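The values are calculated or read from the model by the stated rules, or taken from the named source; none is laboratory data. From a predicted model like this one, the values you see are computed outputs, not experimental measurements. Please note: Cβ atoms are built from the backbone with ideal geometry, for glycine as well, and neighbour counts cover all protein chains shown.
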Ligand code: 6R9
C-alpha cells in the first residue's frame with residue numbers, strides 16, 4: 001500500500017451506520033444482535049457451529065464430534081457425511097427454487113445463458129458421469145483451467161459430486177505455472193476450453209495445456225476434457241483429448257452424490273507464499289460448506305430475491321467461496337461474467353448490473369480505482385438503482401475509493417462490506433454485517449461471529465490500541481485450511497510457528513499487518529512478508545525472482561513492490577546480468593516477456609532496472625527494504641550498518 005493511502009487510512013474517522021430501513025429487513029439487524037452472536041460463538045464455539053450445521057446444511061449422516069483440535073491440525077464435524085454439490089443443487093430441487101436461476105452468465109462478446117437449479121443439477125450430473133467414464137475416481141485430483149464460463153462452475157461441482165478434489169488454476173496463469181501446479185497435485189484429468197474471451201482477445205487455454213503436458217511433463221495426466229467456447233481450430237491429441245460437447249449428449253444425468261466424509265478433501269488451491277514455490281492450500285468438505293454458506297448469508301444479507309454478482313474469477317478463492325459454493329448452497333442467483341472492463345467497453349460492468357438488476361455487487365479495490373479513472377459517466381449512464389449492498393475484497397481499500405464507491409455506485413444508500421480474508425481462511429474473517437455494523441472507510445471492521453482475531457507482536461502479546469502489529473486468529477474455525485498439500489511441515493512453520501506457540505496455545509499468523517482502534521475495529525495495512533499484492537492478486541517476490549533468474553542472461557534478481565495508483569502495487573525488479581550480456585531496452589522487454597511466460601501476465605514487471613550489484617548484508621541477504629525505497633522514489637530509511645558494500649547503494653541512488 002502507498003504511504004499516502006496509509007496516511008489517509010490512519011486519519012479516517014467517518015462513520016456510516018446502516019440505515020434504519022436497511023437494518024429492519026436484514027438477517028442480523030443490530031450491533032446488539034451481532035454482539036450476542038459473537039459472544040455465544042466465543043463462549044461455546046462448538047455449540048454455535050453445530051446448531052448452524054444442523055439448521056443450514058443437509059447431512060447424510062450426522063457427525064459425532066464437532067471439533068478435534070490437535071494444533072495446528074483441526075477436524076470439524078467428525079464422521080459427518082455430506083456432499084457439497086448436494087447442498088448446492090439437489091436440496092433446492094424439492095422446493096420452488098427448482099426453476100430459479102442458479103447461474104446467470106454473460107459472455108464477453110454479448111452472448112448469455114441463464115441456468116436454473118434443475119438445469120445446473122442435470123449438467124453437473126452429466127459432467128460427473130463423463131469424468132467417471134474418463135477414469136476419475138473418488139480421491140483423484142482434477143485440474144481445471146477454464147475461462148469464466150458456466151462449465152467452470154459445473155466442472156467444480158461435478159468433481160465435488162464424485163469426491164474428486166479439484167485444483168482450479170487461474171486461466172491467466174502461463175503454461176509453466178499450470179505445469180507446476182498440475183505436477184504438484186498429480187492431476188489425473190485436466191478440464192479446459194478451446195479458449196476464452198478476454199479484453200477482445202482469445203485466451204489460448206488449450207495450447208497452454210498442451211505446452212504444460214509436453215514431453216510427458218505431468219505423467220499423472222491421462223485425459224484432457226475440452227469445452228468448446230470460442231470454436232477456434234485447435235489440435236486434439238489422439239488418445240488424450242476429448243470434447244465435452246461430444247460426450248455430454250450421451251452422458252446420463254443420473255449421478256448420485258458420493259457421501260463424503262466431512263474431512264475429505266474438497267479442493268486444492270495454489271497460492272503464493274514467501275518462497276518461489278506456490279503452496280497447495282487444502283480445504284475439506286463439511287466445515288468449508290458450512291462457513292462459506294453462513295458468511296454468504298449474513299455478510300451479503302442474502303435473500304431469495306437477490307441477484308448476486310461477484311466479479312472475481314473462479315481461479316481464485318473468492319470465486320470458489322463466493323461465486324460457486326457459498327451462493328449456490330444458499331440457493332441464490334449468482335451472476336458470472338466472462339469479460340473485463342476494457343477500452344472498447346469501459347461500462348460493461350454497469351451494463352451487467354442494469355441488464356440483470358444486480359442487487360449485491362462484490363468487487364476489488366483495484367477495479368474500483370480503475371473505474372474512477374475511466375470516469376463517472378459510465379456508471380452514471382446506467383440504471384444502478386437495483387443495487388442494495390456493495391462489497392470489496394483483495395487488498396486494503398483507500399478511503400477515497402471507498403467514498404467514490406459509496407457515492408457513485410451505491411448512490412449513498414448501499415452499505416459497503418469490506419471483507420478481509422485469505423485463500424487459507426476459506427471465508428470472511430473480518431467483515432461488517434450490513435444491517436448491523438456501522439462502517440468506517442478503509443476498515444474491515446470486526447470479526448465474523450466465531451472468529452477470535454487480534455493484533456499481536458512477534459511474541460504473541462497483544463499490542464495496544466491503535467498500535468501496529470501482526471494480525472492473528474486465536475481459535476480454529478470451520479473453513480480454515482487443513483494443511484499445505486503434501487507438506488504438513490510447511491503448514492506448521494508458515495502459519496502456526498511464525499509466532500512461537502506458548503503453553504500449547506497456537507496463533508494463526510495471517511501475514512498481514514494491522515491495528516485495532518478504540519472501537520475494536522481492525523485496519524488491515526497489507527502484507528508483512530515477501531508477498532506482493534498486484535491488482536488484488538497475491539504474488540511472491542521469490543516467485544518472480546526465480547522466473548527472472550531462469551533466463552540465461554540473468555545472474556541475480558531482487559524483486560520488490562512499488563506503489564501503483566490503480567494496481568495498488570506493481571512489480572519492480574532489480575537485475576544483475578551475467579558477464580556475457582549488456583543492459584539494453586530489448587533485453588528489458590525480453591525479460592518482461594520471460595516472466596509472463598513463466599508465471600502469467602499478472603506478474604509482468606512494471607519496471608526492470610539493471611544494476612552491477614544488489615545491496616546485501618554481510619551474511620549475503622538482499623536488503624529489500626532499500627530496494628523498496630528506491631523503487632518508490634523515497635529516501636532510504638533504516639540502518640545501513642549491516643551493509644556489506646556501501647558503494648552499491650550510492651550507485652543505485654545515482655543511477
Ligand atoms: C480473499 C483473498 C489474501 C491477502 C490478505 C491481504 C489481502 C484481502 C483484504 C485484504 C485488506 C481486505 N486482503 N482482502 N487486505 N483488506 N478486505 O483476497 O485471498 O488471494 O489469498 O489474498 O489479500 O493481504 O492476506 P488471497
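Scanning segment 517-537 for residues that are farther than 20 Å from residue 624 by Cα and either near the ligand (Cβ under 7 Å from one of its atoms) or buried (at least 21 other Cβ atoms within 10 Å of the Cβ) (or both) turns up 522, 523, 524, 536, 537.
Conditions (1) closer than 27 Å to residue 290 by Cβ; (2) in contact with a strand residue (DSSP E or B) (Cβ under 8 Å, 6 or more places away or on another chain); (3) assigned to a loop (DSSP other than H, G, I, E, B), marked per residue:
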site: 466; (1), (2), (3): no, yes, yes
site: 475; (1), (2), (3): yes, no, yes
site: 479; (1), (2), (3): yes, yes, yes
site: 491; (1), (2), (3): yes, yes, no
site: 494; (1), (2), (3): yes, yes, no
site: 498; (1), (2), (3): no, yes, yes
site: 512; (1), (2), (3): yes, yes, no
site: 526; (1), (2), (3): no, yes, no
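Of the numbered criteria (1) at pLDDT 90 or above; (2) over 21 Å from residue 621 (Cβ atoms); (3) more than 16 Å from the ligand (Cβ to nearest atom), the one residue 503 fails is (1).
Just one of (1) touching a strand residue (DSSP E or B) at 6+ places or on another chain (Cβ under 8 Å); (2) in contact (Cβ under 8 Å) with a residue 60 or more places away in the chain; (3) under 24 Å from residue 275 (Cβ atoms) fails for residue 632. It is (3).
From the list 471, 458, the lone residue that is touching a residue at least 40 places away in the same chain (Cβ under 8 Å) and part of a loop (DSSP other than H, G, I, E, B) is 458. Taking the criterion of being in contact with a strand residue (DSSP E or B) (Cβ under 7 Å, 6 or more places away or on another chain), more than 16 Å from the ligand (Cβ to nearest atom) and farther than 29 Å from residue 539 by Cβ, the residues of segment 400-418 that qualify are 410, 414. With respect to the conditions (1) modelled with pLDDT of 95 or more; (2) part of a loop (DSSP other than H, G, I, E, B), residue 586 lacks only one, and its number is (2).
Within segment 543-555, one or more residues are over 20 Å from the mean Cα position of the chain (by Cα), more than 18 Å from residue 597 (Cα to Cα) and away from the ligand (no atom under 16 Å from the Cβ). Take the residues in segment 249-266 that are more than 14 Å from residue 85 (Cα to Cα) and without any contact (Cβ under 8 Å) to a residue 40 or more places away in the chain, then tell me which one is surrounded by the most Cβ atoms within 10 Å (Cβ to Cβ). Going through the qualifying residues, I end up with 250. Is it the case, given these coordinates, that residue 424 is modelled with pLDDT under 95, surrounded by 22 or more Cβ atoms within 10 Å (Cβ to Cβ) and within 16 Å of the ligand (Cβ to nearest atom)? Spelling it out, it is not the case that residue 424 is modelled with pLDDT under 95, surrounded by 22 or more Cβ atoms within 10 Å (Cβ to Cβ) and within 16 Å of the ligand (Cβ to nearest atom).
For segment 126-167, the candidate set comprises residues that are within 18 Å of the chain's Cα centre (by Cα) and in a loop (DSSP other than H, G, I, E, B); within that set, the residue that is surrounded by the fewest Cβ atoms within 10 Å (Cβ to Cβ) is 149.
Condition test on residue 403, is it in a helix (DSSP H, G or I) and either under 22 Å from residue 340 (Cα atoms) or modelled with pLDDT of 95 or more (or both)? Here the answer is yes, as residue 403 does meet what is asked. If you go through segment 75-104 and keep only what is within 25 Å of the chain's Cα centre (by Cα) and either surrounded by fewer than 21 Cβ atoms within 10 Å (Cβ to Cβ) or free of Cβ contacts under 8 Å to residues at least 24 places away in the same chain (or both), you end up with just 101.
Before we move on, is residue 397 farther than 16 Å from residue 308 by Cα, away from the ligand (no atom under 16 Å from the Cβ) and at pLDDT below 95? When the stated conditions are applied, residue 397 does not pass them.
Only residues that are more than 15 Å from residue 262 (Cα to Cα), buried (at least 19 other Cβ atoms within 10 Å of the Cβ) and out of contact with any helix residue (DSSP H, G or I) (no Cβ under 8 Å at 6 or more places or on another chain) were counted across segment 41-63, and they come to 1.
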